[in-house]
Amino acid sequence: MAEPIKAEIFGSLPGGDVVEAFDLKGPAGLSARVITLGGIVTHLRAPDRRGDAADVVLGFNNLAGYLAPHPYFGAIAGRVAGRISQGRFQLDGREYSLACNDPPNHLHGGDRGFDKRLWNSEPLDRADGAASLRLSRLSADGEEGYPGNLRVSVIYTVTAANELVIETEATTDRPTPVNLTHHSYFNLAGEGSCSVESHQLQVFAGSYAPADAASGLTGRREPVTDNDLRTPKRLGDVIPNLRGRHGDLYFIDRAAPAGLVDVARLVDPASGRAMTVRSTETCVQFYTGVGLDGTLVGKSGRKYGPFAGLCLECEGFPDGVNRPELGNIVLRPGEVSRHTTVYAFSTL
Ligand code: G6D
């Protein structure tokens, strides 16, 4: 049986609200620490081939780190993760204009997206005994310029199979775009240890969405070329050939429109840690961590430089409200948006 999870106080926000932390421990060595600010996974410890666990996600040991500017370490991004072009969209004949917090585009829900909000917490008692936590919040009508009162929940579960399972659910009282993602930066050698250039990555996608110099989506869907990761590639050999060394948004190959499919597989040959990503989503943003410039010092006390960790952000097509032909992300009253992403850890 998993240890019952209980709230610890992680710190207090400037206004006095308490941020709670929960430790989700599995019986096979995987454990996660989740805080109620931003639904952030602050720690994720996974065993290597010798059974020694290391923390494989970037982040901070204290709340101060998460209250200062950081690139979404471990957070739930939304209401719309990814970029909405020019921060504008039309929906049912009405024009909306959002914050362009990543000029000229709107990124990850704007100036105070879901990553910066305090979520309600509810430890779950599962029949299989797996450690599980539901986070929920109401994103009110007009929050960051979005229409509709959106009720959203995220359930984090650590299973006996060393999986971190992330289940999202959302409903709304007015039509609104919704596109949630989990934004951990992974380094299977251990956070702060080295760059991920020594890792091997596979992304099971034969097409991608070209982006412009500002990483704005151009609205095209093209076959992969230099960014073809359908066979395992060493990232140090691949990254120099990627646009801006940034990584792309891929359309995940799937035989059926719904259900969990393999999205990616990441391996650190030195430690023997492997991570398989599966999701019900249609897209995955591979982000190399090129923007980490060494100004942030993480949990290990070491600076996070370029490629200190990479992201595999499973999501819908971020600009789908403007380009539904590439993926509809509009949620309407009476509908329920449900998605699952699994980060499954194993060893070679
Ligand atoms: C960069 O384009 C990337 C995003 O995908 C990422 O979320 C952000 O950095 C932190 O803007």
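A few remarks follow.
- The calculated P(r) of region 24-82, using every Cα pair and 5 Å bins from 0, goes 4, 17, 26, 20, 15, 11, 6, 1, 0 in percent.
- 5 angstrom amide H check on ASN179, placed H, neighbours 5+ away: VAL80, ALA81
- Summarised in one figure, the compactness ratio Rg/Rh of region 86-147, Cα atoms and Kirkwood Rh, is 1.17.
- Dividing the summed -39500 (n - 2.57) terms of all DSSP H runs of n ≥ 4 by the residue count of the chain sets its mean residue ellipticity at 222 nm at -500 deg cm²/dmol.
- Of VAL41, VAL336, VAL19, the one that fluctuates the most in a GNM where the chain has Cα springs shorter than 10 Å: VAL336
- Cα-based equivalent ellipsoid of region 77-234: semi-axis lengths in Å, sorted from largest, via gyration tensor: 28, 27, 14
- Taking the 1.4 Å solvent-accessible surface of region 83-126 as the whole, the part contributed by carbon and sulfur is 39%.
- Euclidean distance of C-alpha centroids, region 160-229 and region 138-157, integer Å: 21
- Between ALA53 and ASN149, the FRET efficiency from the beta-carbon distance, with R0 = 35 Å, is close to 0.30.
- Label reach from LYS6 (point 7 Å along Cα→C-beta): in region 82-124, amide nitrogens under 17 Å belong to 122-124.
- In a simple Cβ point-charge model (Lys, Arg +1; Asp, Glu -1; nothing else charged), region 136-242 has a dipole of about 180 debye relative to its Cα centre.
- Full extension of the chain segment joining ASN328 with ALA270 gains 16.8 nm, where the gain is 0.36 nm per residue of separation less the Cα-Cα distance.
- Label-zone membership for region 281-323, site ARG245, 7 angstrom Cα→C-beta point, backbone N under 17 Å: 287-296, 303-311
- Annotation: per residue accessible area for the chain equals 39 Å², rounded to a whole number [probe 1.4 Å, protein chains only].
- When the convex hull of its Cα atoms is projected in every direction, mean area for region 188-319 (nm²): 8.2
- Peptide packing: for 265-274, 63-72, 225-234, the average count of neighbouring Cβ atoms within 10 Å per residue gives the ranking 265-274, 63-72, 225-234, highest mean first.
- Fraction of accessible area attributable to carbon and sulfur, region 279-348 (%, probe 1.4 Å): 50
- Among PRO177, PRO232, SER215 the positive-end extreme of the charge dipole of the chain (Cβ point charges): PRO232
- Computed magnitude of the charge dipole of region 236-307 (debye, nearest 20; Cβ of K, R +1, Cβ of D, E -1): 280
- Remark: the LEU67-ALA28 segment gains 10.8 nm on full extension, using 0.36 nm per residue and subtracting the alpha carbon distance.
- Against the empirical curve 2.2 N^0.38 Å, the C-alpha radius of gyration of the chain lands at a ratio of 0.92.
The values are calculated or read from the model by the stated rules, or taken from the named source; none is laboratory data. Please read these numbers as outputs of a predicted model, since none were measured by experiment. Counting neighbours? That spans all protein chains shown, and the Cβs are built from the backbone with ideal geometry, glycine included. In case anyone asks, the SASA skips ligands and DNA or RNA and just uses the protein heavy atoms, side chains included. Shrake-Rupley method; radii C 1.70, N 1.55, O 1.52, S 1.80 Å.
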